[in-house]
Amino acid sequence: MKNILSILLITSLLSSVFIACEKDDNKPNPPEISNVNITAMTYQNVTLIWNVTLDSSDEILENGICWSNNSNPTIENNKIMSSEKMGEQNLKIEDLDNNEEIFVRAYSTTEYETTYSDELSFTLWLGAPGEPVTDIDGNAYKTVKIGNQVWMLENLQVKHYNNGDEIPLVTLDEDQKWLNTESGMYCKYEDNDNFGDYYGFLYNGYAVTDERKIAPEGYNIPSYKEWNELYHYLGHDKFPYYMLMEFVYQAWDYNKPYDPEYHLRFKDLSNFGGLPGGWRFFKDENSNKATAYSKLITKAIWWSKSGQAAQEVSRIFEYRIYKGNQSTLITQVPETAGLSIRCIKDSE
């Protein structure tokens, strides 16, 4: 009798194992998630694309992206769902934190399980301090990380090229020299040292393109592409002055040095420190007979080393804190204009 009971028990156990194995064999293949990539990034938002395929009769219930400040995020953390069940997916994650590493994974959920992609991580840098940089004259500049770029926090104030050759200082009294010499020169707004110390120097376009180079070692004068990257990272069509510009509230008395108690400064959110230092340009834009200083406190204008085409070298990024806080990414000016220079770290 005991032998019969033992045989029945063993038979029952074996049947359970065979049934379980049969169920596992019938379990559909999970979805396959591939080609997860970041396609766009601003200081607040990230857009991702990926692809989902399913080689079984199972049904996908939900696709999406999950994220966290910790590695291997799951749908129990933060998530956003896609409206598509198969094929290419596209989602934007909005209102993310700055200066913190964020981990993301795509996911796909069926009746049986949730499948995750490999992990991606990124950091939305905004106003994070970088390592200081020093030019050939010994001037030290603070730097700031914005997106994937590192910018100097101040406009250039160098008086020599990187090989030690002097860059001539040319005042308004020497205006014909400024207009008629095809070599690098610099000036200070209103020919005043206080302006130069605070806003940086104004350089002509020949200083920008000189082969002896004017930017500190490891840095360069930004190209159109590099200005464009900054412009879009900070919001492009939603590009308010407080993202980039730092400006002085009260009128400047250039007979006095900068006084933080008198000259109230509004700080930009990106920590770029884009003070509107004006420019040196023609009194009459239809004439090349004389230049003048103008637009201090209302306009920030920086040189770019190239335009949209490779052969273009006299292009600028311009920002105006008037007329609705307009911004213009590219405007053509002659090499005889005197503009600020803001340097960017070389790409690694």
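Values quoted throughout were computed directly from the atomic coordinates according to the rules given, and no laboratory measurement underlies them. On a predicted model such as this, the values are computed, not experimentally measured, just so you know. Note that we place each Cβ from the backbone using ideal geometry, even for glycine, and neighbour counts take in every protein chain shown.
Please list, in order, the residues from region 106-125 whose amide nitrogen is less than 15 Å from a point placed 7 Å along the Cα→Cβ vector of residue 100.
Counting only backbone N, you get 122-125.
Could you give me the ³J(HN,Hα) list for region 78-83, computed from phi with Karplus coefficients 6.51, -1.76, 1.60 and θ = phi - 60°, whole Hz, x at Gly and Pro?
9, 8, 9, 9, 8, 7
If you take the beta carbon distance between residue 92 and residue 69 as r and set R0 to 30 Å, what does 1/(1 + (r/R0)^6) give as a FRET efficiency, to the nearest 0.05?
Once the sixth-power term is evaluated, E becomes 0.95.
Would you please give the residues with an amide H less than 5 Å from that of residue 130, counting only those at least 5 places away or on a separate chain, with H modeled from the backbone geometry?
143, 144, 145
If you rank 32, 348 by fewest surrounding Cβ atoms within 10 Å, what's the result?
In increasing order of surrounding Cβ atoms, one gets 348, 32.
As a footprinting exposure proxy, order 81, 185, 152, 41 by other Cβ within 10 Å, with the fewest listed first.
Fewest to most other Cβ atoms nearby, the residues stand as 81, 41, 185, 152.
Given H placed 1.01 Å from N in the peptide plane, which residues other than close sequence neighbours of residue 235 have an amide H under 5 Å from its amide H?
Amide H neighbours of residue 235, under 5 Å, 5+ apart: 43.
Rank these for me by crowding, 33, 38, going from fewest to most other beta carbons within 10 Å.
Going from sparsest to densest Cβ surroundings: 38, 33.
Across region 54-213, how many lysine pairs, 8 or more apart or on two chains, come within less than 30 Å at their alpha-carbon atoms?
Within region 54-213, the lysine pair count is 15.
Out of residues 5 or more away from residue 159 or on other chains, whose amide H comes under 5 Å of its own, with H placed 1.01 Å from N in the peptide plane?
Long-range HN contacts for residue 159: 137.
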